[in-house]
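Notes for the one structure printed next.
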Amino acid sequence: MPFDSKVPGVTILGKVTPQQAQEVLTPEALLFVATLHRTFNATRKTLLQKRVLRQQQIDQGILPDFLPETKAIRDDIAWRGAVPAPGLADRRVEITGPVDRKMVINALNSGAATFMADFEDSNSPTFDNNLSGLVNMKDAIHQRISYTAPNGKQYNIRKDGKIATLIVRPRGWHLDEKHVLIDGEVTSGSLFDFALYFFHNAKKSVEIGIGPYFYLPKMESHLEARLWNDVFNLSQDYIGMPRGTIRGTCLIETIMAAFEMEEFIYELREHSAGLNCGRWDYIFSVIKKLRQNPKYLLPDRGDVSMTTPFMDAYVRLLIKTCHKRGVHAMGGMAAQIPIKNNEAANKAAMDKVRNDKLREVKAGHDGTWVAHPDLVKLALIVFNEHMPQPNQLHVRREEVQVTAADLLNTNVKGGKITEGGIRANVSVSLMYMEAWLRGAGCVPIHNLMEDAATAEISRSQLWQWAKHQAKTDKGVTVTPEYLLKVLEEETDKLAKEMGEQRFKASKMVLAKKHLSTQITGKDYADFLTTLLYEDIIVYDDVKSKI
């Protein structure tokens, strides 16, 4: 029998375990989810439609720019964001990762200042993954989380109290939760993740000395930040919590958001914990938004670095903006992972991390991201040496002047499109999509810990090159036929590496089928996660899909 929500108008279509029912999907919590849905989902859908209309304008040549209607906000030097909240004053190293139980424990114990538990890009949103993740969040906040591995190894959180401050990243506004209907309508993944985490953990968070803290992903307009602020206010009022207790850090990971950084902080003022350079999704967004214009053709992904003009400009503007408003300017992800059994390769990878973090701390960032517990110490050494105090909010960067042209300067000196880059994009897209379809959203690929952003960049570049008939450094024209041939070859190569039995048991054929639709310069899904989502939906005792 399908799960009975016991809440009028709320229908749960996915399979629910007894623990998930008892710990997460309680009637009281589901009523709160329904309240947020009924209050805010219409606004969410309107804002998503605004994205579609803005994309049409960009396709017609109306490029992103700073908004004239919010100029007064940018020019008013008097207003500030919130003072850093308990547990967020020092964020010099943040570790990020999915919400599976072992990862949560390792991240909390890693020595990082904070842990961003991710329901978004490093989580494949199967219903079980989401609900199990929410159980794990509750156990973490109540400091009772433990795990026994199949080999019998025990994992427990540290007893000395030196665990990372927990920050949760719910899904972006564009993602639905199709296993949950409210009044017959599919609900928002964002509201679902946020509501259930907040309802079960907000008061306990404050009790242990931290508030309910969130990372807010993929926004494209300050109106979307305003919607989050409205959600925060209603939620705090609903449980009798003072407004301003929640804090949200906005990920600036879309080109549209880069033009509205001050507005984002302004909309969240009493709830603002700053901005973060979501660098990989930012590259994806630049390609995606400007994909119809051949002027913005980018070279191989490996040639697009943080010193590339549009990336450098966005980082400088973010630091200046945050410190002008008294909030944290967080750096980006080091995706490298330790390389075992190859000392030279491992040293090269760690040197890359060290240089990346050195660049960030010297630029004025207040903290940085790593994807693996073994990188925490390395990043800490760099930040401790150059930032002995908890943050660098005093580094104003008033000399920085960034124009719209700077943010759109995609000229990459010496950048090339190569056959190696094309094959790497195809291979990485295939491997990541296959893993995501199996329910794994955080995947080690070629000695990097990859999430959805990597696959998004890779398939978007392939689309862009096919669309504009780009030429490689060897003079080969990148056509749809050429890319589909490469796709066949790379799939065959992976099949040989995996072996017949493992390949047949995998989702590689399905991944290939989806990827083939995305690399011809014609069809283009807004997000791979929405393209693939239908394939991971599993309804419990319900024959027809919604």
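The values are calculated or read from the model by the stated rules, or taken from the named source; none is laboratory data. Since we're looking at a predicted model, the values are computed, not measured. All Cβ positions, even for glycine, are placed from backbone atoms using ideal geometry, and neighbour counts span all protein chains on display. Note: accessible area is taken over every heavy atom of the protein model, side chains too, but ligands, DNA and RNA are not part of it. Shrake-Rupley method; radii C 1.70, N 1.55, O 1.52, S 1.80 Å.
Quick check: anything in region 38-59 outside any helix (DSSP H, G or I) and within 25 Å of PHE127 (Cβ to Cβ)?
Checked against the condition, which is being outside any helix (DSSP H, G or I) and within 25 Å of PHE127 (Cβ to Cβ), region 38-59 yields no hits at all.
Looking only at helices (runs of 4 or more DSSP H) that fall completely inside region 406-499, which ones have 2 or more residues that are under 26 Å from PRO217 (Cβ atoms)?
In region 406-499, 419-437, 452-467 are the helices (runs of 4 or more DSSP H) which contain 2 or more residues that are under 26 Å from PRO217 (Cβ atoms).
Among the residues of region 165-204, which ones are over 22 Å from GLN236 (Cβ atoms) and open to solvent by 10 Å² or more (accessible area, probe 1.4 Å)?
HIS174, LEU175, ASP176, LYS178, LEU181, ASP183, GLY184, GLU185, VAL186
Kindly evaluate GLN464 against the criterion of being more than 22 Å from PHE503 (Cα to Cα), of a type outside the set (A, V, I, L, M, F, W, C) and without any contact (Cβ under 8 Å) to a residue 60 or more places away in the chain.
Criteria not met by GLN464.
Taking region 132-156 as the search range and keeping residues that are more than 16 Å from PHE192 (Cα to Cα) and of a type in the set (Val, Ile, Thr), which one is surrounded by the fewest Cβ atoms within 10 Å (Cβ to Cβ)?
THR148
Name every residue in region 207-234 that is farther than 30 Å from PHE284 by Cβ and either crowded, with 19+ Cβ neighbours inside 10 Å or hydroxyl-bearing (Ser, Thr, Tyr) (or both), in order of residue number.
ILE210, GLY211
Cβ contacts < 7 Å: first residue without any contact (Cβ under 8 Å) to a residue 24 or more places away in the chain and at positive phi, restricted to region 304-333; second residue among the hydroxyl-bearing types (Ser, Thr, Tyr) and part of a helix (DSSP H, G or I), any location; separation 6+ or different chain. Result?
Close Cβ pairs (under 7 Å, with a partner that is among the hydroxyl-bearing types (Ser, Thr, Tyr) and part of a helix (DSSP H, G or I)) do not exist here.
Quick one: LYS485 ticks every box in (1) under 21 Å from the mean Cα position of the chain (by Cα); (2) open to solvent by 60 Å² or more (accessible area, probe 1.4 Å) bar one, so which box is it?
Unmet condition: (1).
With the structure loaded, tell me whether GLY87 is crowded, with 18+ Cβ neighbours inside 10 Å, at positive phi, in a loop (DSSP other than H, G, I, E, B) and not polar (S, T, N, Q) or whether it fails that test.
When the stated conditions are applied, GLY87 passes them.
From (1) under 14 Å from the mean Cα position of the chain (by Cα); (2) surrounded by 24 or more Cβ atoms within 10 Å (Cβ to Cβ); (3) not in a strand (DSSP E or B), pick out the condition that doesn't hold for TRP280.
(2)
Could you tell me which of the residues ALA379, ALA345, ALA371, ALA349 is surrounded by fewer than 17 Cβ atoms within 10 Å (Cβ to Cβ) and of a type in the set (A, V, I, L, M, F, W, C)?
Every option except ALA345 fails the conditions.
Among the residues of region 375-389, is any under 23 Å from the mean Cα position of the chain (by Cα), at pLDDT 95 or above and within 25 Å of ASN129 (Cβ to Cβ)?
Yes, there is a match, as at least one residue in region 375-389 is under 23 Å from the mean Cα position of the chain (by Cα), at pLDDT 95 or above and within 25 Å of ASN129 (Cβ to Cβ).
Among the residues of region 388-414, what is the count of those that are open to solvent by 60 Å² or more (accessible area, probe 1.4 Å) and farther than 26 Å from GLU94 by Cα?
8
Report yes if some residue within region 527-541 is open to solvent by less than 50 Å² (accessible area, probe 1.4 Å), over 28 Å from LEU181 (Cβ atoms) and either touching a Lys or Arg at 6+ places or on another chain (Cβ under 6 Å) or modelled with pLDDT of 95 or more (or both); otherwise report no.
No, region 527-541 contains no residue that is open to solvent by less than 50 Å² (accessible area, probe 1.4 Å), over 28 Å from LEU181 (Cβ atoms) and either touching a Lys or Arg at 6+ places or on another chain (Cβ under 6 Å) or modelled with pLDDT of 95 or more (or both).
Kindly indicate which of TYR533, TYR524 is hydroxyl-bearing (Ser, Thr, Tyr), in contact (Cβ under 8 Å) with a residue 24 or more places away in the chain, part of a helix (DSSP H, G or I) and closer than 27 Å to PRO217 by Cα.
When all the criteria are applied, what remains is TYR533.
Does region 467-481 hold any residues that are open to solvent by 10 Å² or more (accessible area, probe 1.4 Å) and in contact (Cβ under 8 Å) with a residue 40 or more places away in the chain, and which are they?
LYS467, HIS468, LYS471, THR472, ASP473, LYS474, VAL476, PRO480
Test of understanding: among ALA379, ALA344, ALA349, ALA363, which residue is in contact with a Pro (Cβ under 9 Å, 6 or more places away or on another chain) and among the small types (Gly, Ala, Ser)?
Exactly one residue qualifies, and that residue is ALA349.
Could you pull out the residue among ARG74, ARG92 that is open to solvent by less than 80 Å² (accessible area, probe 1.4 Å), under 22 Å from the mean Cα position of the chain (by Cα) and modelled with pLDDT of 95 or more?
Exactly one residue qualifies, and that residue is ARG92.
Can you say whether ARG80 is touching a His at 6+ places or on another chain (Cβ under 8 Å) and not in a helix (DSSP H, G or I), as far as the supplied structure shows?
No, not satisfied.
If you check TYR266, TYR314, which single one turns out to be open to solvent by 10 Å² or more (accessible area, probe 1.4 Å) and assigned to a helix (DSSP H, G or I)?
TYR266
Can you name every one of the strands (runs of 3 or more DSSP E) wholly within region 121-210 that holds 3 or more residues which are charged (D, E, K, R) and at pLDDT 95 or above?
It comes to 176-182.
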